[in-house]
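Okay, structure first, notes after.
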Ligand code: EAX
């Protein structure tokens with residue numbers, strides 16, 4: 001009996017030592033993005049914050065900062081993640097090559113066939129490796145959420161084939177692969193932080209921009225961009241990033257919870273985005289915007305194809321092919 005008691009006490013002690021500090025760990029975190037609460041980024045963010053709150057019994061609270069509240073663009077906010085000033089960020093890959101160069105491989109035009117292809121690559125070993133590479137930049141990349149396939153919009157002409165767009169001055173993200181692709185296609189691209197785009201379009205400093213339907217819709221671009229062409233020239237993945245400082249400060253079970261929940265929300269968030277796209281497009285058309293659906297995508301693909309060779313010293317052909325041929 002005595003022995004059992006002693007054993008019991010020892011077990012209790014061992015357990016109490018082994019029990020992670022999770023029960024005591026408390027935190028309030030900041031989650032940012034360039035997008036408003038109606039964009040699927042922030043719909044995903046809200047879902048993530050709610051689930052984390054529920055699953056930690058309120059120990060971890062995530063406050064949402066949409067619409068560029070914590071920085072004028074994604075580069076600035078990613079720097080905030082590195083420094084720990086921002087805890088969580090949903091961002092496109094736009095400026096991320098400056099932090100983790102390997103991620104740029106996803107920015108090649110006409111790399112992905114469709115959403116199923118995207119999911120296969122991003123949720124498989126290639127996606128895992130690209131997320132892990134962020135550790136070197138002091139960033140914990142939790143999962144791939146999405147922005148969607150990007151389309152060209154402008155305020156000058158109805159673009160059906162690449163020749164129609166020649167000479168257009170467009171804003172691109174601060175992304176060397178995108179810049180090169182648009183130059184190769186004969187446009188005049190200029191990189192710009194997201195927070196400056198609406199005004200630049202309004203003041204006609206630029207003629208156009210390219211983004212998925214959800215961004216155009218959430219930003220109410222119909223007043224400043226009358227021509228919308230479904231070019232789907234590149235897929236825009238959105239790594240869900242966390243400050244490594246914040247991640248490392250959490251007890252292990254909370255770290256695991258964050259990774260698991262980020263993956264779970266990735267599925268939900270991509271679905272929300274995809275399911276809403278067609279309705280948004282119809283609404284955009286109803287605002288008097290010319291929506292060109294039958295774009296000659298081959299003409300864009302052909303015009304942009306030389307950039308694969310241009311970057312061959314930075315991205316191995318075999319790695320590009322591994323993505324393209326994933327089935
Ligand atoms: O991530 O800067 C951009 O064009 C991005 O697609 C947008 O902020 C969403």
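The values are calculated or read from the model by the stated rules, or taken from the named source; none is laboratory data. Predicted, not measured: the structure shown is a model, and the values here were computed from it. With ideal geometry, Cβ positions are generated from the backbone for all residues, glycine too; neighbour counts draw on all protein chains shown.
Hey, can you tell me all the residues within segment 18-47 that are touching a helix residue (DSSP H, G or I) at 6+ places or on another chain (Cβ under 7 Å), within 16 Å of the ligand (Cβ to nearest atom) and in a helix (DSSP H, G or I)? Before the answer, list the steps.
Quick first cut of segment 18-47, residues touching a helix residue (DSSP H, G or I) at 6+ places or on another chain (Cβ under 7 Å) only: 20, 22, 25, 29, 31-36, 38-40, 43-44, 47.
Next, from what is left, pick out any that are within 16 Å of the ligand (Cβ to nearest atom): 31-36, 38-40, 43-44.
Matches in segment 18-47: 40, 43, 44.
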ask   = Where residues in segment 113-138 are touching a helix residue (DSSP H, G or I) at 6+ places or on another chain (Cβ under 7 Å) and either surrounded by 23 or more Cβ atoms within 10 Å (Cβ to Cβ) or part of a loop (DSSP other than H, G, I, E, B) (or both), which of them is modelled with the lowest pLDDT?
value = 138
message = Tell me yes or no: at least one residue of segment 254-266 is over 22 Å from the mean Cα position of the chain (by Cα) and either buried (at least 18 other Cβ atoms within 10 Å of the Cβ) or part of a helix (DSSP H, G or I) (or both).
response = yes
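Which is under 26 Å from residue 42 (Cβ atoms) and modelled with pLDDT of 95 or more, of 256, 298, 321?
256
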task = Considering each of 300, 315 in turn, give the residue that is in a helix (DSSP H, G or I), away from the ligand (no atom under 16 Å from the Cβ) and either on the phi < 0 side of the Ramachandran plot or in contact with a helix residue (DSSP H, G or I) (Cβ under 7 Å, 6 or more places away or on another chain) (or both).
result = 300
inquiry  = List pairs: first residue in segment 64-79 and without any contact (Cβ under 8 Å) to a residue 40 or more places away in the chain, second residue more than 10 Å from the ligand (Cβ to nearest atom) and not in a loop (DSSP other than H, G, I, E, B) anywhere in the structure, Cβ distance under 6 angstrom, at least six positions apart or on different chains.
reply    = 64/31; 64/45; 65/30; 65/32; 66/42
request  = Go through segment 153-222 and tell me which helices (runs of 4 or more DSSP H), entirely inside it, have 3 or more residues that are more than 16 Å from the ligand (Cβ to nearest atom) and closer than 19 Å to residue 107 by Cβ.
outcome  = 176-184
key: In segment 76-112, residue farthest from residue 320 (Cα to Cα) [restricted to those that are assigned to a loop (DSSP other than H, G, I, E, B) and within 14 Å of the ligand (Cβ to nearest atom)]   = 91
message = Could you go through segment 241-252 and let me know if any residue there is touching a strand residue (DSSP E or B) at 6+ places or on another chain (Cβ under 7 Å), under 20 Å from residue 292 (Cα atoms) and not in a helix (DSSP H, G or I).
response = no
For residue 156: the one exception among (1) surrounded by fewer than 18 Cβ atoms within 10 Å (Cβ to Cβ); (2) closer than 27 Å to residue 38 by Cα = (2)
note = Taking segment 48-71 and the residues there that are part of a strand (DSSP E or B) and more than 16 Å from the ligand (Cβ to nearest atom), the one that is nearest to residue 257 (Cα to Cα) would be 60
query = Would segment 60-68 turn up any residue that is more than 22 Å from residue 220 (Cβ to Cβ), surrounded by fewer than 15 Cβ atoms within 10 Å (Cβ to Cβ) and modelled with pLDDT of 95 or more?
reply = yes
